[in-house]
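Notes for the one structure printed next.
The values are calculated or read from the model by the stated rules, or taken from the named source; none is laboratory data. These numbers come from a predicted model, not from an experiment. Positions of Cβ are backbone-derived with ideal geometry, glycine not excepted, and every protein chain shown enters the neighbour counts. Quick note on the areas: whole protein, heavy atoms, side chains included, nothing else; ligands and nucleic acids left out. Shrake-Rupley method; radii C 1.70, N 1.55, O 1.52, S 1.80 Å.
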Amino acid sequence: MGLASDLSSLTPTVLRSILESRESDGAILGPHPADGRNVRVKIGRYGAFLQWGEEGEDGTTTHSLPKDVGGLGGRGLDLKGGGDGAGDASSANGEAAHLGTVLGLTLETAAGYCDLPRTVCVLNELNVTAAIGPYGPYLKYNNSFASLRSDIGDVLTVDEETAVRVVTEGIINKSSKFGRGVLAELGDKDGSTVRVKEGRFGTYLNWKRVNAKLPSAYVDNPGDVPLEEAWELIQAKAGSSPSTKRGKKGTKKKKDDDAGVPLPPPPKRSLSSYLHFCAEKRGEVSERMSSLGEVSKELARLWKETEGSKDGRTKYEDLAAADKLAYEEKKAEWREECDRILAESGGKGAPKKRGRAASESTKQRRK
């Protein structure tokens, strides 16, 4: 059900609360102050949500919840009632706790979510409103939208000063900084920019026509992704995506003559200097951090600190260069092996040589 990023918080008590709420049409939080109709929290396919009014009743509405209280997949949710301390919401006899208690959701807060969207302020004679959409909390201004991250403000309490700053940076000035759907630009690789983009199914990394999943540790702060880490994810995705193994549009790279000819797998790509750094430091950092997300952020911070050091990155750059050279040698051997296998089997589509060496070979054959 996508309600928790930490599976250790899914105790039997929490699971009973979730399952019982689904069987009993949700858990009632109380009457809404505006009209007395019940507000209940329910569990759906994509996490928790609110229902104001009874099922089938005229005027009944449903409302999204932020991720930190179980909505929109619940990434980053800290479930209550999962521990043994004073904050444990389980009852003394082991019965399921109320779902609202498990999610840390009160009637007052739930009523606030039901009342969204709300007008935060007026800017240049146009309303700035706060609401929750498919991708989380946002601010709307002049029919444009800006994400409202949890570290910037809460959708129920964000003030005018913060809203104006977010709208100015994320909407008014955004067109001159990034393109549509782009949340951050991380830097250039091979002549094109690596970007973090917002799409229909969430946030992702993009380079040219290659898209890769954004690590969950950077969902709230996508601009913090180290360029080298993003580039490794892009390269890994490019190597496994069918679309990158095609030539011209509508034509397959490998011919049907080669179908069924077993070829050895290509060698693994070489590691970048950043990944060599992470491999060396990860064990030490992991002892001080409690989650993978914290480890990733700390490694990125330590790597950034080496940027101004004279010899801080030399060791890892040398390792990356040696690794790349070894990879190129193994790749050449792999191509030769593929050529031999395809030649013996009568295939015509051996992996093509590229660059200057291929050009020289072609000239020799023509002579």
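Table: residues versus (1) touching a strand residue (DSSP E or B) at 6+ places or on another chain (Cβ under 8 Å); (2) open to solvent by 10 Å² or more (accessible area, probe 1.4 Å).
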| residue | (1), (2) |
| --- | --- |
| Pro12 | no, yes |
| Ala34 | no, yes |
| Arg37 | yes, yes |
| Leu50 | yes, no |
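Within the set of pairs 6+ apart or on separate chains, which have a first residue in the stretch 115-139 that is basic (Lys, Arg), a second that is in a strand (DSSP E or B), and C-beta atoms under 8 Å apart?
These pairs meet every condition: Arg118/Thr129; Arg118/Ala130; Arg118/Ala131.
Results for (1) modelled with pLDDT under 80; (2) in contact with a Pro (Cβ under 8 Å, 6 or more places away or on another chain); (3) surrounded by 11 or more Cβ atoms within 10 Å (Cβ to Cβ); (4) hydroxyl-bearing (Ser, Thr, Tyr), shown as yes or no for each residue.
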site	(1), (2), (3), (4)
Ser309	yes, no, no, yes
Glu337	no, yes, yes, no
Ile341	no, yes, yes, no
Ser345	yes, no, yes, yes
Ala350	yes, no, yes, no
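Could you list all residues from the stretch 149-162 that are within 24 Å of the chain's Cα centre (by Cα) and either buried (at least 19 other Cβ atoms within 10 Å of the Cβ) or in contact (Cβ under 8 Å) with a residue 24 or more places away in the chain (or both)?
Of everything in the stretch 149-162, those that are within 24 Å of the chain's Cα centre (by Cα) and either buried (at least 19 other Cβ atoms within 10 Å of the Cβ) or in contact (Cβ under 8 Å) with a residue 24 or more places away in the chain (or both) turn out to be Arg149, Ser150, Asp151, Gly153, Val155.
Would you point out which residue out of Glu232, Glu305 is over 30 Å from Asp339 (Cβ atoms), acidic (Asp, Glu) and at pLDDT 70 or above?
Only one candidate qualifies: Glu305.
Only residues that are over 21 Å from the mean Cα position of the chain (by Cα), in a helix (DSSP H, G or I) and among the polar types (S, T, N, Q): list them for the stretch 286-309, please.
Scanning the stretch 286-309 gives Ser286, Thr306.
Please go through the stretch 187-229 and give me each residue that is touching a helix residue (DSSP H, G or I) at 6+ places or on another chain (Cβ under 9 Å) and hydrophobic (A, V, I, L, M, F, W, C), ordered by number.
The answer is Val194, Val196, Leu205, Trp207, Val210, Ala212, Leu214, Ala217, Val219, Val225, Leu227.
Does at least one position in the stretch 112-121 carry a residue that is more than 15 Å from Val158 (Cβ to Cβ), crowded, with 17+ Cβ neighbours inside 10 Å and at pLDDT 85 or above?
So far as the stretch 112-121 goes, yes, one or more of its residues are more than 15 Å from Val158 (Cβ to Cβ), crowded, with 17+ Cβ neighbours inside 10 Å and at pLDDT 85 or above.
Open to solvent by 60 Å² or more (accessible area, probe 1.4 Å), modelled with pLDDT under 85 and more than 30 Å from the chain's Cα centre (by Cα) - does that describe any residue in the stretch 15-22?
Among the residues of the stretch 15-22, at least one is open to solvent by 60 Å² or more (accessible area, probe 1.4 Å), modelled with pLDDT under 85 and more than 30 Å from the chain's Cα centre (by Cα), which makes the answer yes.
Give the residue, chosen from Arg200, Arg165, Arg209, that is farther than 26 Å from Glu298 by Cβ, at pLDDT below 80, among the charged types (D, E, K, R) and surrounded by fewer than 17 Cβ atoms within 10 Å (Cβ to Cβ).
Arg200
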